[in-house]
1. Residues that are closer than 17 Å to HIS207 by Cβ and either at pLDDT 95 or above or out of contact with any helix residue (DSSP H, G or I) (no Cβ under 6 Å at 6 or more places or on another chain) (or both): which helices (runs of 4 or more DSSP H) entirely in the range 98-169 hold 3 or more of them?
2. Among the numbered conditions (1) free of Cβ contacts under 8 Å to residues at least 40 places away in the same chain; (2) under 23 Å from the mean Cα position of the chain (by Cα), tell me where SER130 comes up short.
3. For ARG126, state whether it is of a type outside the set (Ser, Thr, Tyr), under 21 Å from TYR231 (Cβ atoms) and either crowded, with 17+ Cβ neighbours inside 10 Å or assigned by TED's automatic domain parsing to the domain that holds PHE113 (or both).
4. If you go through the range 289-326 one residue at a time, how many are crowded, with 19+ Cβ neighbours inside 10 Å and free of Cβ contacts under 8 Å to residues at least 12 places away in the same chain?
5. So, of the residues in the range 180-202 that are surrounded by fewer than 18 Cβ atoms within 10 Å (Cβ to Cβ) and among the polar types (S, T, N, Q), which turns out to be modelled with the highest pLDDT?
6. Out of the residues in the range 26-74 that are acidic (Asp, Glu) and either more than 26 Å from the chain's Cα centre (by Cα) or not assigned by TED's automatic domain parsing to the domain that holds LEU9 (or both), which is nearest to VAL313 (Cα to Cα)?
Amino acid sequence: MKRYTVANLNPELHQFDAHLRLRLDAAGAELVEQECADEAAIMAFAASAHALISPRAPVTRRVIESLKQCRVIARPGAGTDNVDHHAATEHNIVVVYVPDFCTEEVADHTLAFILACHKKLLRLDRFVRSGRWGFDLLAPLPRLAGQVLGLVGFGRIAQSVARKAQTFGLKVIGYDPYQKNEVFARCQAAAAGLEELLRRSDYVSLHIPLTPQTRGMMGTKELHLMQPSAYLINCARGGVVDEPALIEALRQRTIAGAALDCLAQEPPPADHPLFALDNVILTPHSAAYSDGAMAYLREKTIEQIVDVFLGRVPQFVRNPEVLARLATNNND
């Protein structure tokens, strides 16, 4: 049996259990691990690997061109931001990921943010800890039922958010130029243009991947379209928000507040301007976490690497054109 090497580039983030190592061994593969933070470290460590596992390390074009025999790059996550999948495609390397591993977890985190913003929970907590009592600081506080939740992006997670939000009586509208109208209808959500969504929504929640087209898409113009009483929720990627524009909008009370699970730089510097603001909630890119989600993520990552080694079609492929090309070559 041919022996394969699988290089885990960020073992600090993902430790694969013994039973997963046994699955690799049964497929003729060995897992090797080293923390790699940059191109040079990856190229020195993984040049001869047949597979890369990269939760965070940058698998750039330069890295991909240095790989001697790589067949698959696995991103244990819902997106492939750190992998140049165009370069991988050019070099006939399959890119796999796990887009469904944290759907419910991120949807729950989004709803938690909405409820915390609406009920002003952090302000109330600080109020009580300071020795005060009462609810005068809550006003104005409309009922949550009947308010509008705008979802920017309407994929798996946003659809779950829509269903859960409606149990609280929120009206849901969504913007996604790539989504079919019947998907909105099935979720009892109304499709809207981006500007209309921003103007109408009491809560704007972002559920879009980070791409060249979406980077910084929530900027000064978009934030000024929002209502002064509205909140921005981001459990997607920090880069989709123009952070300096958001900080200024929060300082000037252009919008009421924000709840962010992700930032442009992670972890943020100790003197990050957001830390000084009282109208923002911050969590450490943790929305996706649950014990079950992490176990599923690691299982599916190893399963798909094994699929590639054994000539099977993995479930979640970012660049399916490679599979078609390889199949054609095998039939020639």
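1. In the range 98-169, the matching helices (runs of 4 or more DSSP H) lie at 103-119, 156-166.
2. (2)
3. Answer is yes for this residue.
4. Matching residues across the range 289-326 total 0.
5. Per the criteria, the residue is GLN188.
6. Here the answer is GLU30.
The values are calculated or read from the model by the stated rules, or taken from the named source; none is laboratory data. In this text, all values refer to a predicted model and were calculated from it rather than measured experimentally. Please note: Cβ atoms are built from the backbone with ideal geometry, for glycine as well, and neighbour counts cover all protein chains shown.
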